[in-house]
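To start, the structure itself, in C-alpha cells.
None of the figures in this text is laboratory data; all of them are computed from the coordinates on show. Here the structure is a predicted model, which is why all the values come from computation and not from measurement. Cβ coordinates were reconstructed from backbone atoms using ideal geometry, including for glycine residues, and neighbour counts include every protein chain displayed.
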C-alpha cells in the first residue's frame, strides 16, 4: 500500500464530482459501521428498523457465500475503483487502520465512507444533483422509494427489499441483461450496493457506479433514517483522514 497522504473531506467530494462532469467512469463502494460489522464477522440485524435494511448472522451458513462475495468487492484493486471506509474520527484510529489494511487498497483508491454526508451533505445535494441532470441515471433503491420525486430524471429503477444482499442478489442478473454504456448508476441497497458496484464495474468500465446510500431517502418519500436528514450537529462535522 502507498504511504499515507493527507486527504481533505471537501476536496474529496469535488474530486468525484469532477470525474462525473468530465465523463471519467469510476466505481465507488462505501463501507460504514454496518458493513464493518460484517467484515468483523459480528452479528447485526437492521431488518425492522429505519426503512428495513439488512441482517448478518455469522452463525448461519446461508450468509457464508454472500459474505465471501462481499469480501471480494472490498479487496478488489483497479485504477478507477474506490473504496470508502469509516474514518478515524467516527470509529476510532484502530478500526480505521484495520479497514485500510484489510482492503489492501492503495491510499489513492481509498476515501471516506461518509463522503456525501456530514458537512458535505448540502454541497452534495446542490452540486451533484444538478450534475445528475446531465446524465442517464439508473437507480437501485429500497422498494419503498419513489424515484419519480427526485429533481432529475431516472431512466430505469430497480427496487429491492429488506436484507437485499441475500434476498435480492438476483437483481444483479437483471441489471446485467439491461446494461448499456455511458450510464450513471446510483445504488442505495446496503451491502448489496457494495457487491453491485464491484460486479458491474468488472463487466463494463464505461459506466459510473456509485454506492449512494441514504442521501436521497427523504426526497424519494421515505422516512429520514440518519441524523443529517433532520438537522443533526453532524452537518457541521468535517471528517478527517
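Below is a table of values for the structure above.
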{"quantity": "Relative contact order (percent, whole number), the chain, Cα cutoff 8 Å, 6+ residue spacing", "calculated": "27 percent"}
{"quantity": "Segment residue 134-residue 8, length gained on full extension (0.36 nm per residue, minus Cα span)", "calculated": "42.7 nm"}
{"quantity": "135, 10 arranged by Cβ crowding within 10 Å, fewest neighbours leading", "calculated": "10, 135"}
{"quantity": "Added length on full extension, which subtracts the Cα-Cα distance from 0.36 nm per residue, residue 180 to residue 77", "calculated": "34.8 nm"}
{"quantity": "Separation in nanometres of the label points that stand 7 Å from Cα toward Cβ, at residue 173 and residue 37", "calculated": "3.1 nm"}
{"quantity": "Computed log₁₀ I(q)/I(0) - Debye formula, equal Cα scatterers, no solvent, segment 9-236, q 0.08, 0.13, 0.14 Å⁻¹", "calculated": "-0.26, -0.73, -0.86"}
{"quantity": "Separation of the residue 48 and residue 18 label points, Cα + 7 Å toward Cβ, nm", "calculated": "4.9 nm"}
{"quantity": "Relative contact order (%) - criterion: Cα under 8 Å, at least six apart; region: segment 128-184", "calculated": "38 percent"}
{"quantity": "Whole-number percent relative contact order across segment 121-241, with pairs defined as alpha carbons under 8 Å at least 6 apart", "calculated": "25 percent"}
{"quantity": "Relative packing of 127-134, 185-192, 115-122, 206-213, which averages over residues the other C-beta atoms within 10 Å, highest first", "calculated": "185-192, 206-213, 115-122, 127-134"}
{"quantity": "Share antiparallel - DSSP beta bridges, the chain, percent rounded to 5", "calculated": "5 percent"}
{"quantity": "Linear extension gain, residue 219 paired with residue 156, 0.36 nm per residue minus alpha-carbon span", "calculated": "21.0 nm"}
{"quantity": "Cα centroid of segment 130-162 to Cα centroid of segment 13-91, whole Å", "calculated": "20 Å"}
